[in-house]
Amino acid sequence: MDRHVHDRRRFLALAGSLAATTAAAPLLSACDTGFGGNGNPGGPERGGSAANEVTGAFDWKREKGTTVRALLNKHPYTDALIADLKSFTQKTGIEVKYDVFPEDNYFDKLTVDLSSGRASYDVFMLGAYMVWQYGPPGWLEDLGPWMRNSSATGAEWDQDDFFPNLLGADRWSLKAGAPLGRGGQYALPWGWETNVVAYNTEVFGRLGLKPAESFNELRELAGVISKRAPGAGFDGMYGIAVRGSRSWATIHPGFMTMYARNGLHDFTVENGKLTPAMNTPKAVAFTEDWARMVRQGGPPSWTSYTWYQCSGDLGAKKAAMLFDADTAAYFQAVKGASPASGRIAFHPGPKGPDGSLATNMWIWSLGMSARSGHKSAAWLFLQWATGKEHLRKAALAHDHIDPVRRSISQDGAYKDKMRHLPGFLETFETVVGETKIQFTPQAQFFDATTSWAAALQEIYGGRSAGSVLNGLADDLRSRAS
């Protein structure tokens, strides 16, 4: 599930203080992290990779007797992993010791551990966006050399089976503004979420409504439901649940998806510098329309809404629609999970003016510490945890969705499991090729998007969208200078 507890104040404070203490040093330069070109202080020589030390035939048992330490976020993916760890130990002879933290302090723990250089953990969960924070200082191992070494990686791992947009989302050159999909592979996709619309089929049927195919239709639909649903027997129901808290996470699901479908950008790169673009005339008009949609068809206490409230309201029959992670709706839709289960269907959501279904995503990934003393064993663990055998078992026996591997998404047993959810598979297959990280990679991502969410709240409250977004853009420019 999209279990981001999205108040990142402590995470931002930690990251900000670390950036301040290193501002005088070239740690954020892709030219020289101090650890060599792949951020690997433990390699055989500066700029090398420990992967080069692995030779001979591939062998799952090559690190038998080693212990790998993992830091994990409390999540259904983690539950599936822990339930299957005996399989890994039997396969490799490697013991895995792990700590699991709830997300309200998970990233605090990870940030402190990585920045300290202690390397308490060999492997860990991280979001793809965190690569932009953890990669430039050299905290993450470049997994590319491990992937390319046939002595270190078994043929059955099958790199080409990953959806390429997911694998590319964890690959970056470490240069602010540079596109993803190039440079080092600083994490591996493990589980992900695409942002689409889920809706209550009961209220749609009773009111004679159909899912919106354009953003104008969505705005109108949200308002109509808020007005008509209570009179149709759905007391207290409103039109659409979207996030609204003062957090970066308010921007990344439905808002950024619809923003991208309108051909809009958060930043542009001009003469090698990032320039804020959320105050262009088209961006201002879209943002005002989004705020109007929420005022007319959203929850009364929208400015406090995280994924949890949005998902819960869909399940409790308080919200007729949810524009958020497909998994946030999935966990309400499964049989017996909520009052609305059995009445939730999925739809790709509105297209952009040119028919675009560009969709933003969140990816839970797995990474390795650049300071790990057990890299060969850690790579075997990452290889197994992202491999076909474990991920198929996790998808079928547990709730590890959406699949990062094409073979699992097309697996007959997986499709049978998901087929009872109206529109889920069709929606996934419609948007998967159009789904990617729609943001511009940069180390200040969390700070910038949290400020953007604060601006969105001001516009929702009645302030001029143009004035607020011009002020935001000026502020972001001044921070970058």
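Every read-out reported here was derived from the displayed coordinates using simple, explicitly stated rules and does not represent laboratory data. Since the model is a prediction, treat every value here as computed from it, not as a measurement. Note that we place each Cβ from the backbone using ideal geometry, even for glycine, and neighbour counts take in every protein chain shown.
How high is the relative contact order of the chain, given as a whole-number percent (alpha carbon pairs under 8 Å, six or more residues apart)?
24 percent
Just list whichever of K273/K436; K74/K97; K61/K109 have alpha carbons separated by over 27 Å in the model shown.
Those over the limit are K61/K109.
Grab the Cα-Cα distance for S301 and R477, subtract it from 0.36 nm times how many residues apart they are, and report the gain in nm with one decimal.
Computed gain between S301 and R477 is 60.2 nm.
Taking the Cα atoms of the chain, what is the range of coordinates along each of the three principal axes, in descending order and whole Å?
70, 53, 36 Å, listed from the longest principal axis down.
Check the straight Cα-Cα distances from K282 and name the lysines below 17 Å, setting aside those fewer than 8 residues away within the same chain.
Those lysines meeting the cut-off are K351.
Note down the nm distance, to one decimal, between modelled labels 7 Å out along Cα→Cβ at T280 and at K109.
For the pair T280/K109, the computed spacing is 4.2 nm.
Once you have the Kirkwood Rh of the stretch 239-339 from its Cα pairs, apply Stokes-Einstein at 4 °C and 1.567 mPa s and quote D in µm²/s.
D, rounded to a whole number, is 88 µm²/s.
Return the distance in nm (one decimal) between the two label points of a simple spin-label model at E429 and V224, each offset 7 Å from Cα along Cα→Cβ.
Each label point lies 7 Å from its Cα, and together they span 2.9 nm.
Under 8 Å for C-alpha pairs, at least 6 residues apart: give me the relative contact order for the stretch 338-462, rounded to a whole percent.
It rounds to 38 percent for the stretch 338-462.
Hey, which aspartates and glutamates would be in cross-link range of K64, C-alpha to C-alpha under 13 Å, not counting anything within fewer than 8 residues on its own chain?
K64 reaches E95.
Among T257, T386, rank each residue by its count of other Cβ atoms within 10 Å, from fewest to most, as a rough exposure measure.
Placing the least packed residue first, the sequence is T386, T257.
Once you charge only the Cβ atoms, +1 for Lys and Arg and -1 for Asp and Glu, what is the size of the charge dipole of the stretch 173-290 about its Cα centre, to the nearest 20 debye?
Its charge dipole is roughly 200 debye.
Share of antiparallel DSSP beta bridges in the chain, in percent to the nearest 5? Could the numbers behind the result be given before it?
On the way: 28 of 42 bridges.
Around 65 percent of the beta bridges assigned by DSSP in the chain are antiparallel ones.
By a straight-distance test (C-alpha under 21 Å), which lysines pair with K318 as possible cross-link partners, with residues fewer than eight away in the same chain excluded?
Output for K318: K210, K227, K335.
Would you order Y308, Y77 from fewest to most other beta-carbon atoms within 10 Å of each residue's own beta-carbon?
Lowest count first: Y308, Y77.
Pop a pseudo-label 7 angstrom from the Cα along the beta-carbon direction at both K97 and L396 and give the gap in nm to one decimal.
Between K97 and L396, the label points sit 3.4 nm apart.
Among 162-175, 398-411, what's the highest-first ranking by average C-beta atoms within 10 angstrom per residue?
Descending mean neighbour count gives 162-175, 398-411.
Length gain on complete extension for the stretch E53 to R419, per 0.36 nm per residue less the alpha carbon to alpha carbon distance?
Between E53 and R419, full extension yields 127.1 nm more.
Within 11 Å, Cβ to Cβ, of G236, how many net charges do the neighbouring residues add up to if Lys/Arg are +1 and Asp/Glu are -1?
0
Rounded to the nearest 500 deg cm²/dmol, what is the calculated helix-only ellipticity per residue at 222 nm for the chain, with -39500 (n - 2.57) per DSSP H run of length n ≥ 4?
Calculated at 222 nm, the ellipticity per residue is -11500 deg cm²/dmol.
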